[in-house]
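Notes for the one structure printed next.
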Amino acid sequence: MEMKYLPLVTLPRAKPRSGVNSSGSGRERMIGVGKMKQYGNVLDKPLTKGKQEVSLSAFAFLFSELVQYNQTQVDNIGELERRLEDAGYAVGARVLELLCHRDKGNRRETRLLGILSFVHSTVWKVLFGKVADSLEKGTEHEDEYMISEKELLVNRFISIPKDMGTFNCGAFVAGIVRGVLDGAGFPAVVTAHFVPMEGQQRPRTTILIKFAEEVLRREARLG
């Protein structure tokens, strides 16, 4: 099928400011807080938790370019989502590595609920500056869990053409989650879905996590 480019909502241009939060009136939304220290050599930069910020409009522009570039490389929506997931997987693997280096106790999650809580809180805070809106267990299948966001950042400024109605940029975040889980020893199939919400114009995004059978067997042995 012929692919169309996704128009990105134009954000107001604003000069990035240090320490700006989402409640600042008339200011551009920033991800994270603080200012990054300059180092002569990247190897000299410490791995301890730093206070960094990224302009939301800059991120939206960069992510839009990522989506539009990958559109030129595929013929269908499924392949486009797969490429975004693969890109997210690489990010997830590196986020996990960074967080492990920062953890002085060098702890490793071995329980299923522990790793889910880690993704829902720690990983989400690193990526989006907040914990995820909800973490739920599937009611129909024992191996399914869901992390939901009312307004997932990667879907916030994307306008999807009608003929691409099933396309979900959340595939990128699903890839990040899969990269973290896989690196931590919890292989799973992770997908992104839109879920209509009563009283809301836009649907929420649910990241569906379906763990591999080996993960459930290990969890059962650990009791």
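Residue 216 versus (1) more than 12 Å from the chain's Cα centre (by Cα); (2) closer than 19 Å to residue 54 by Cβ: which is the lone unmet condition?
(2)
Per-residue answers, yes or no, for (1) among the hydrophobic types (A, V, I, L, M, F, W, C); (2) farther than 21 Å from residue 64 by Cα; (3) out of contact with any helix residue (DSSP H, G or I) (no Cβ under 9 Å at 6 or more places or on another chain); (4) at pLDDT below 95:
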{"residue": "130", "(1), (2), (3), (4)": "no, yes, no, yes"}
{"residue": "143", "(1), (2), (3), (4)": "no, yes, no, yes"}
{"residue": "154", "(1), (2), (3), (4)": "yes, no, no, yes"}
{"residue": "177", "(1), (2), (3), (4)": "yes, no, no, no"}
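Just wondering, is there one or more residues in the stretch 118-130 that are charged (D, E, K, R), free of Cβ contacts under 8 Å to residues at least 40 places away in the same chain and either in a loop (DSSP other than H, G, I, E, B) or more than 30 Å from residue 61 (Cβ to Cβ) (or both)?
Checked against the condition, which is being charged (D, E, K, R), free of Cβ contacts under 8 Å to residues at least 40 places away in the same chain and either in a loop (DSSP other than H, G, I, E, B) or more than 30 Å from residue 61 (Cβ to Cβ) (or both), the stretch 118-130 yields at least one hit.
Count, please, the residues in the stretch 172-223 that happen to be of a type in the set (A, V, I, L, M) and under 14 Å from residue 146 (Cα atoms).
Total satisfying the criteria: 12.
Do the conditions hold for residue 199, that is, is it surrounded by fewer than 17 Cβ atoms within 10 Å (Cβ to Cβ), over 24 Å from residue 79 (Cα atoms) and over 20 Å from the mean Cα position of the chain (by Cα)?
Spelling it out, residue 199 is indeed surrounded by fewer than 17 Cβ atoms within 10 Å (Cβ to Cβ), over 24 Å from residue 79 (Cα atoms) and over 20 Å from the mean Cα position of the chain (by Cα).
Which of (1) in contact (Cβ under 8 Å) with a residue 40 or more places away in the chain; (2) assigned to a helix (DSSP H, G or I); (3) not β-branched (Val, Ile, Thr) does residue 218 not meet, given it meets every other one?
The number of the failed condition is (1).
Within the stretch 81-112, track down each residue that is among the hydrophobic types (A, V, I, L, M, F, W, C), at pLDDT 95 or above and out of contact with any Gly (no Cβ under 9 Å at 6 or more places or on another chain).
The answer is 112, and nothing else.
Given the conditions (1) out of contact with any helix residue (DSSP H, G or I) (no Cβ under 8 Å at 6 or more places or on another chain); (2) closer than 23 Å to residue 59 by Cβ, report the number of the one that residue 190 does not fulfil.
The one condition residue 190 does not meet is (1).
Check off (1) polar (S, T, N, Q); (2) surrounded by fewer than 17 Cβ atoms within 10 Å (Cβ to Cβ); (3) part of a helix (DSSP H, G or I) for residue 110 and give me the number that stays unchecked.
Looking at each condition in turn, residue 110 falls short on (3).
The values are calculated or read from the model by the stated rules, or taken from the named source; none is laboratory data. These figures come from a predicted structure and were not determined experimentally. We place every Cβ from the backbone using ideal geometry, glycine too, and count neighbours over all the protein chains shown.
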